[in-house]
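Undergrad: There's a structure below that I have some questions on.
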Amino acid sequence: MSTREKSETKRLPMMPIRDVVIFPHMMTPFVVGRESSVRALEEALAGEKKIFLATQHDASVDEPRPDEIYSVGTIANIVQSLKLSDGNIKVLVEGFERAKVISVTAEDGYFRATVKTFASKIDAGVSLESLTTRVTTLFEQYVKLSQNLNYETMIATIKVDDPGKLADTVGANLQLTIEEKQELLEIFDPIDRLTRVAEMLDIEIEKLSVDRTIQGRVKRQMERAQKEYYLNEKIKAIQKELGRGEKSEFDELKKKIDAAGMTKDAQEKAMAELKRLEQMPPMSAESTVSRNYLDWLLAVPWKQKTREIRDLKYAREVLESDHYGLEKIKERILEFLAVRRLVKNPKGSILCFVGPPGVGKTSLGMSIAKATGRKFVRLSLGGVRDEAEVRGHRRTYIGALPGQVIQMMKKAGTKNPVFMLDEIDKMSTDFRGDPSSALLEVLDPAQNDKFMDHYLDVDYDLSEVLFVATANVMHTIPAPLQDRMEVIRLSGYTELEKAEIARRFLITKQKVATGLSETQIDFTPEGVGALIQSYTREAGVRNLEREIGSVCRKVARKVVEASVDDEPDTVAKGGELIVESADDETSKPVKKGKKGKAGADATDVKPVESKLPTVTVTAQSLVEMLGPPRFRDTQASKKNDIGATIGLAWTEVGGSILTTEVTVMEGRGKLTLTGKLGDVMQESAQAAMSYVRSRAASLGLARDFYRNLDIHLHVPEGAIPKDGPSAGITIATSMCSALTNIPVRGDLAMTGEITVRGKVLPIGGLKEKMLAAHRQGIYELILPKDNEKDLHDIPEIIRKEMKLNFVESMDEVLKIALEREVTPLPIAPPTSSQSEAAPVGSDDITH
């Protein structure tokens, strides 16, 4: 324990110093160059040769102010000074005691400080002796670990009895920052200072131990690398003596590079990398990176091409055999082949098939490759959110690889494959980049002949690739990417088309998949129609194929159960070892006597011969196989109802019908909207309500009917979000029906946007909506007049079977949709004030 005994005030010249902290009992040389510091030094030399030294906060400041200098410093004796030829003074000082600044004044171009010194009396004891011993031991350990301090000199230095002097001596020789040394200097109590030094020694010893461990590890690695280099040199010398040559591998790589057909830049880069590889130790990590890079450059096709089939007749036959319908798409493909035949080096095309799931977008890409004789590769972009998936990683990253585009080109093995970008609308963006932006270069015919992959880091020509993209929707694809693609829309199939697809493709495919022969199962047209109408409800045929497969599997089970050869010993016992032959897909159990299950008598499996007659699939037998119909017949529920109107909607998987219900009750004019409606659909309901109010008289309603009524609009299937303006006339019709108590016809559906004045505006997705109505057995529609031009996209068989009413206003809609005409209210004669203020026809205006 220590106590402060006395303090003393002194007035001395003050010199700010940089990048060093002077401790008491410490000899330090430094050069004085600043004019103010030279004057302070000369003043001290002229007197008692004592000067106050304090460290400045920022060493870059040439002329610090008093507040930019630490308030605690050291009074030092000037031991020696020498004036140099450049005007600077080299001085050697010895710290005497620490002091605290009370005030600073500027005199004759230098600082003079009034400082206070403190003397402490130390009480000796066991704790002080223990602390002193601990600091001494720690410092000895520190000196042993440090490479910058002489052990004998340092140990001799700390053999002192004064704990304050011990703390200052140790602190001055530690590798500490200026701030940490200043912290020690500002501790006046010797015991506290010694305790802080012990803490700092612990930290510094730990740092030195870690450094020594790391240095030892690095040294061992260097020794290992030198050993490997020595052994590799010996191996080269031995191979040279044997006449094998030490550069045979590099010569082989050079031949491959010359024969690869690379571009000039790519070849120069490959040769430079090969030269670097020759100079590297074979076992180094860098040589592995260079070798992998060269392997990728050689693996990518630079000049390999497949001979393209340009026979239009053959291409049509392939497309017709693989797909039914889709005439517009087939025509576009044939046009592409015709251009290829006329133009020697045409630019690659980028097609984008957009349509609901299951309509054959992906299989169309495979058919294009088959028809043109090209290789086919497919890249699924669903869920891709990293730009590096497209462009690759730079070689500076560990485990870097080229992007998927280059990897797929390597897989194709040719520079002109059919490259399918599947689910291009499912890409997303996050902090790793935007993959859709990276695709802009890939899908631009004007610049994809110089596609730059981050890994290859050379231009690669993609201009001869036929890119085919697929998507379910367009609104999630960025506009610049849409602009680079030729969009071809695939709508859903009609029931007749589905039946034909099932007959030509799906049934045969599932028979083969389940091992059934032509004589074991027979799908009647009635059975296929029941599958389409009662067990599937989709735009494509994916679920239809799934249900056909389910029927085939059930029949396959019946065939096996009714087989002639169904004895237990004719079937290989479970658990036996079986051997598969490369040229025979039948797995046979190992014969008795070979390595197999002990005691198992194995015999060859005989083909199944069924006693079961041909199973005919009809509508009745489907109930037994698949259960009751999953979708009810909509024709049975087509009754006229008040406030319920059938509308048509577009979804990502095709069109569908949507019933809009309105009910009226006593209230205060509140309009309630339910069914998880989006903002646009809610605005359509508001517009419909405004139309009804403006046409109150012509609808047989009082002008203020809404004041005493609440209207509730609901669209069923409330868990599914719904939005869009095309339900406008459906909502208005339901409101008019509910308010006038006139039923809406249940055998028709409608779609169209409404304005507050009752105009009917055109809508999108007409084909999908008409196909949905046809699937549901609804053969009369109300459509906007402006959509009449879109009928050329509708299959002719659908147009012939349906009655289409094209309208321009809600008045026309109500005449067709309601069961009977609305009786308008008689027009009351205007009052004198009304006749003066209101123009003719003012009864149609809501006040």
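Undergrad: Roughly what angle does helix 728-740 make with the longest principal axis of the chain, taking Cα atoms, 0 to 90 degrees, to the nearest 10?
TA: Computed tilt is about 60 degrees.
Undergrad: On C-alpha positions alone, give me the angle between the axis of helix 126-145 and the longest principal axis of the chain, in degrees, nearest 10.
TA: The answer is roughly 70 degrees.
Undergrad: For a label point 7 angstrom out from the Cα of Ala562 toward its Cβ, which stretches of segment 479-522 have the backbone nitrogen within less than 19 Å?
TA: 511-512, 514-522
Undergrad: With angles folded into 0 to 90 degrees, how steeply does helix 679-694 sit against the dominant principal axis of the chain? Use alpha carbons for both and round to 10.
TA: 50
Undergrad: Which of the three applies to segment 176-274, rounded, prolate or oblate, going by the alpha-carbon gyration tensor with a ≥ b ≥ c and a/c under 1.5 meaning rounded?
TA: oblate
Undergrad: Checking the cross-link filter: which lysines have an alpha carbon closer than 24 Å to that of Lys116, excluding same-chain neighbours under 8 positions apart?
TA: Lys6, Lys10, Lys49, Lys50, Lys100, Lys165, Lys181
Undergrad: Could you work out the relative contact order of segment 210-352? I mean the mean sequence separation of Cα pairs under 8 Å and 6+ apart, divided by the number of residues, in percent.
TA: Across segment 210-352, relative contact order equals 16 percent.
Undergrad: How big is the equivalent ellipsoid of segment 366-433 along its three axes, where each semi-axis is √(5λ) from the Cα gyration tensor, reported in whole Å from largest to smallest?
TA: 25, 16, 6
Undergrad: Then there is this: Within the set of other residues whose C-beta is less than 14 Å from the C-beta of Gln80, count the net charge using Lys and Arg as +1 and Asp and Glu as -1.
TA: With Lys, Arg at +1 and Asp, Glu at -1, the net is +2.
Undergrad: On to the next question. Taking 8 Å as the Cα distance limit and 6 or more residues as the minimum spacing, I'd like the relative contact order of segment 655-792 as a percentage.
TA: Reported relative contact order: 31 percent.
Undergrad: Shape call for segment 641-734 from the C-alpha gyration tensor, a ≥ b ≥ c root eigenvalues: rounded (a/c under 1.5), prolate (a/b greater than b/c) or oblate?
TA: Since a/c reaches 1.5 and a/b is larger than b/c, the shape of segment 641-734 is classed as prolate.
Undergrad: Can I ask one more? Taking segment 225-380 as the region of interest, what is the percent of Cα-Cα pairs per 10 angstrom bin, listed from the shortest bin to the one with the maximum distance?
TA: 9, 26, 20, 16, 14, 11, 5, 0
Undergrad: Another question, if that's okay. Only loop residues by DSSP count here, and only those with at most 16 other Cβ atoms within 10 Å; note down the GluC sites (Glu not before Pro) in segment 177-264 that meet that.
TA: When the GluC sites (Glu not before Pro) of segment 177-264 are filtered for loop state and at most 16 Cβ neighbours within 10 Å, Glu186, Glu246 remain.
Undergrad: Probe of 1.4 angstrom, ligands and nucleic acids ignored: what's the accessible area per residue over segment 680-725, in square angstrom?
TA: Spelled out: the 1.4 Å probe surface of segment 680-725, per residue, equals 47 Å².
Undergrad: Let me ask another. Can you give the accessible area of Arg224, probe radius 1.4 Å, in Å² rounded to 10?
TA: So the heavy atoms of Arg224 present about 130 Å² to solvent.
Undergrad: OK, next. Over the Cα atoms, compute the radius of gyration (one decimal) and Dmax (the largest Cα-Cα distance, rounded to a whole number) for the chain, in Å.
TA: Reported Rg and Dmax, both Å: 46.1, 129.
Undergrad: Same structure again: Would you kindly state how much longer the chain becomes between Ser363 and Ala719 on full extension, computed as 0.36 nm times their sequence separation minus their alpha carbon distance, in nm to one decimal?
TA: 124.8 nm
Undergrad: What is the antiparallel percent of DSSP beta bridges lying wholly in segment 358-471, to the nearest 5?
TA: Of those bridges, close to 25 percent are antiparallel.
Undergrad: Hey, any idea what Rg/Rh is for segment 156-203, computing Rh the Kirkwood way over Cα pairs?
TA: 0.93
Undergrad: Checking the a/c ratio against 1.5 first, then a/b against b/c, what shape does the Cα gyration tensor give for segment 50-184?
TA: Prolate shape, in that a/c is at least 1.5 and a/b is the bigger ratio.
Undergrad: Mean shadow of segment 405-458, computed from the convex hull of its alpha carbons, in nm²?
TA: Projected over every direction and averaged, the Cα hull of segment 405-458 covers 4.5 nm².
Undergrad: With all protein chains present and a 1.4 Å probe, how do Asp422, Asp311 order by accessible area, largest first?
TA: Most to least solvent-accessible, the answer reads Asp311, Asp422.
Undergrad: Let me ask something additional. Can you tell me, using C-alpha contacts under 8 Å and at least 6 residues apart, the relative contact order of the chain as a whole percent?
TA: It rounds to 7 percent for the chain.
Undergrad: Can you give me the solvent accessible area of Trp650 with a 1.4 Å probe, rounded to the nearest 10 Å²?
TA: 110
Undergrad: Right, something else. So which aspartates and glutamates pass the test for Lys275, namely a Cα distance under 15 Å, with those fewer than 8 places away in the same chain ruled out?
TA: Excluding near neighbours in sequence, the set is Glu246, Glu249, Asp251, Glu252, Asp258, Glu286, Asp295.
Undergrad: How large is ³J(HN,Hα), in whole Hz, for each residue of segment 267-284 in order, when computed from phi with the Karplus curve 6.51 cos²θ - 1.76 cosθ + 1.60 and θ = phi - 60°, using x for Gly and Pro?
TA: 5, 4, 5, 5, 5, 5, 5, 5, 5, 5, 4, 5, 8, 8, x, x, 8, 6
Undergrad: Would you mind checking Lys227/Lys254; Lys254/Lys411; Lys361/Lys509 for any pair whose Cα atoms are more than 26 angstrom apart?
TA: Beyond 26 Å between Cα atoms: Lys227/Lys254.
Undergrad: Could you work out the percent of alpha carbon pairs in segment 394-489 separated by over 17 Å, rounded to a whole number?
TA: In whole percent, the long-distance tail amounts to 54.
Undergrad: Quick one: net charge of Leu761's neighbours, Cβ under 12 Å, K/R +1, D/E -1?
TA: 0
Undergrad: Equivalent-ellipsoid semi-axes (√(5λ), Cα gyration tensor) for segment 321-439, whole Å, largest first?
TA: 29, 18, 12
Undergrad: With a 1.4 Å probe and all protein chains kept in place, how much accessible area does Lys121 have, in Å² rounded to the nearest 10?
TA: Only protein atoms counted, so the area is about 110 Å².
Undergrad: A further question follows. In what sequence, largest accessible area first, do Phe52, Phe806 appear using a 1.4 Å probe?
TA: The ordering from most to least exposed comes out as Phe806, Phe52.
Undergrad: Let me ask you something else. Sort Lys410, Lys330, Lys415, Lys236 by heavy-atom solvent-accessible area, probe 1.4 angstrom, most to least.
TA: Lys410, Lys236, Lys415, Lys330
Undergrad: Among Lys639/Lys769; Lys670/Lys769; Lys236/Lys269, which pairs are too far apart, with a Cα-Cα distance over 24 Å?
TA: Those over the limit are Lys670/Lys769; Lys236/Lys269.
The values are calculated or read from the model by the stated rules, or taken from the named source; none is laboratory data. Because the structure is predicted, anything quoted here is derived from the model rather than measured. Note that we place each Cβ from the backbone using ideal geometry, even for glycine, and neighbour counts take in every protein chain shown. The protein model used for the area step is the full one, side chains on, heavy atoms only, and it has no ligands, DNA or RNA in it. Shrake-Rupley method; radii C 1.70, N 1.55, O 1.52, S 1.80 Å.
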